[in-house]
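Structure first, commentary second.
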């Protein structure tokens, strides 16, 4: 499980991608993706701070609290830190 921030965990197999906000929001495609996710109520903010990364994840079919197929989590944890957490888990 990967800690995304604010006590939210995601199973590694549910993670579709981890993206750095600053590096990816410069493209029109990413901005369009995030705008659509927001309109579809798929964005979940995990912090009141400025987000540093977003994670796209499949929702677990057993999670009845989240009626969406995918979620986009905004976190103040950097993408680099999230990648390090995944790599540390894979080494163990």
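Normalised by the residues of the chain, what does the relative contact order come to in percent, with Cα pairs under 8 Å and at least six apart?
34
Which one is right for this structure if Cα extents along the principal axes in Å is calculated from it: (i) 38, 32, 23; (ii) 73, 23, 12; (iii) 40, 33, 16?
Checked against the structure: label (i).
Compute the distance in nm between two label points, each set 7 Å from the Cα along the Cα-to-Cβ direction, one at residue 87 and one at residue 49.
For the pair residue 87/residue 49, the computed spacing is 2.1 nm.
Computed from the coordinates by the stated procedures, all read-outs in this text should not be read as laboratory data. Quantities reported herein were computed from a predicted structural model and do not represent experimental measurements. When we count neighbours, we look across all protein chains shown, and the Cβ atoms used for this are built from the backbone with ideal geometry, even at glycine.
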